[in-house]
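Below is one structure; the comments refer to it alone.
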């Protein structure tokens, strides 16, 4: 298991992912990837390091997104990896509509052979480019003890005071100068059933 990142992960493992459809209030419209990859999710960092495919469970035909490492950058014997995909896109614009200074809940199912970094991207205009957005780091997650079993990630992020839209980014990042364990070609993460909702107020508030 990758130990580079500190992990606070509330997770429940189960044998197979379920087709969740689109739960009421979900800001991600293609969270189960029934409409493919580029409908709402896009690669934003790869530089030839990764490939992105829509996979299918062999028995249920359930669809999921898979990011797989195909190469590591080698500069003077220093290996680095930086690849990511972003979920949240509306036509030419990045992000789903959010309210400022508001907490949103994230959940999704995943399989992974390496720990990943999770970011929320906060945009102050509907046309702002993804690289100009403010990054809001969410709690990271590590490779589960059983990488071949679906695990559920749950977390939150709070939008900025000037947020208009937001998006979610899942990233593999590693540098052999500091990493104790480097990912290898074939390292992967599979993601399904992404749900992002505005956090409900506490009772009595």
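The values are calculated or read from the model by the stated rules, or taken from the named source; none is laboratory data. This one's a predicted model, so the numbers in the text were calculated from it and none came from an experiment. Methodologically, a virtual Cβ is constructed for each residue, glycine included, from the backbone with ideal geometry; neighbour enumeration extends over all protein chains shown.
Against the list (1) over 24 Å from residue 32 (Cβ atoms); (2) buried (at least 16 other Cβ atoms within 10 Å of the Cβ); (3) at pLDDT 90 or above, the condition residue 173 fails is (3).
Could you count how many residues in segment 109-143 are over 11 Å from residue 163 (Cβ atoms), at pLDDT 75 or above and either within 11 Å of the chain's Cα centre (by Cα) or surrounded by fewer than 20 Cβ atoms within 10 Å (Cβ to Cβ) (or both)? Residues flagged as over 11 Å from residue 163 (Cβ atoms), at pLDDT 75 or above and either within 11 Å of the chain's Cα centre (by Cα) or surrounded by fewer than 20 Cβ atoms within 10 Å (Cβ to Cβ) (or both) within segment 109-143 amount to 7.
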